[in-house]
Amino acid sequence: MNRQAQAVVLLLLGGAVLRASLSDLYLRYVKEGLRPFLIAAGLLLVVAAIMTLWYELRPVLTRSDEPADDHDDHTHHEPRVGWLLILPVLGLLLVAPPALGSYAANQSGTALNAPRQSDYPPLPDADPAPVSVLDYAARALFDRGASIGDRRVLLTGFLATGEDGRPILARMVLSCCAADGRPVKLGLTGDAPAGLPDDTWVEVIGRYSDRIGRDPVNDAEIPYLQVESWRPIPTPKQQYD
């Protein structure tokens with residue numbers, strides 16, 4: 001691989017990063033807040049590639065005053081392993097993998113950790129109060145539902161199959177990117193969704209339940225939600241918490 005080939009690969013890689021970060025595709029890989037950094041990285045790659053090409057392809061006359069070099073860069077090639085950079089380029093340009101879903105959730109233990117705070121802010125005033133799966137699970141497990149009370153809550157997540165064959169509600173939580181994605185799981189009781197395949201996204205309305213289950217993967221506690229109603233919804237643009 002010579003420098004011109006390196007520059008072309010770098011240009012393609014930067015363009016692929018920009019394409020993903022300027023659309024919603026990047027949300028399948030990283031958290032929403034990392035978008036500015038992806039755009040900046042893509043621009044830097046493109047600029048570096050253009051500068052390299054400009055240097056390699058500029059007219060010979062502009063370098064006529066430079067000393068001769070028997071070991072000119074054009075006679076040297078970098079290791080062929082550099083061509084492996086084509087793989088992420090093809091992945092970003094040609095393949096659009098789905099976001100982590102029920103399969104990943106069933107392979108990993110629930111990632112709910114005890115919060116540093118000892119109290120929780122009041123729920124939103126709306127009825128039902130919209131809360132995330134992570135927020136409800138933390139309130140139900142570590143606050144024993146005290147900050148929820150008898151309020152109705154509205155949660156959005158995808159369905160997965162629990163150990164007993166009954167559906168659970170889950171949402172993948174990222175620290176940085178999809179590589180560190182971990183599920184937060186909720187057991188469902190009451191009028192739980194039925195007859196829907198895994199990875200179906202649903203909007204669930206319910207109330208706090210003091211029932212606690214166990215995750216078969218890591219034996220962590222899984223809180224439950226008393227479901228009053230539910231409906232399937234389209235897959236949201238932002239699938240991670």
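The values are calculated or read from the model by the stated rules, or taken from the named source; none is laboratory data. Only a predicted model underlies this, so the values are computations on that prediction, with no experimental measurement involved. Note that each Cβ is placed from the backbone with ideal geometry, even for glycine, and that neighbours are counted across all protein chains shown. With ligands, DNA and RNA removed, areas are computed over all heavy atoms of the protein, side chains included. Shrake-Rupley method; radii C 1.70, N 1.55, O 1.52, S 1.80 Å.
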The percentage of the accessible area of the chain (probe 1.4 Å, all protein chains present) made up of carbon and sulfur atoms, to the nearest whole number, is 58
With helices defined as uninterrupted DSSP H runs, which ones in the chain have an alpha carbon span along their own long axis of at least 24 Å and mean Kyte-Doolittle hydropathy of at least -0.5? 3-21, 35-57
With each run of n ≥ 4 DSSP H residues scored as -39500 (n - 2.57), what mean residue ellipticity at 222 nm is computed for the chain after dividing by its residue count and rounding to the nearest 500 deg cm²/dmol? -9000 deg cm²/dmol
Per the charge dipole of the chain (beta-carbon charges, Lys/Arg positive, Asp/Glu negative, Cα centre), the residue among TYR29, ALA111, PRO121 reaching farthest to the positive end is PRO121
Rounded, prolate or oblate: which fits segment 166-241 when a ≥ b ≥ c are the square roots of the eigenvalues of the alpha-carbon gyration tensor, with rounded for a/c under 1.5 and prolate only if a/b beats b/c? oblate
Shape of segment 146-205 from its Cα gyration tensor (a ≥ b ≥ c, root eigenvalues): rounded if a/c is under 1.5, otherwise prolate when a/b > b/c, or oblate? oblate
Per residue, how much accessible surface does the chain expose to a 1.4 Å probe? Answer in Å², no decimals. 56
What is the dipole size for the chain, taken about its Cα centre, with +1 at each Lys and Arg Cβ and -1 at each Asp and Glu Cβ, in debye to the nearest 20? 440
Could you point to the label whose value was computed as Cα extents along the principal axes in Å for the structure here, given (1) 56, 34, 32; (2) 82, 34, 30; (3) 52, 41, 36? (2)
Ranked packing of 22-28, 105-111, most packed first, by mean Cβ within 10 Å: 105-111, 22-28
Protection proxy ranking of 168-176, 37-45 - average other beta-carbon atoms within 10 Å, highest first: 168-176, 37-45
Taking K and R as +1 and D and E as -1, what net charge do the other residues with C-beta under 14 Å from the C-beta of ARG19 add up to? +1
Around CYS177, with a cut-off of 13 angstrom between Cβ atoms, what is the net charge of the other residues, counting Lys and Arg +1 and Asp and Glu -1? +2
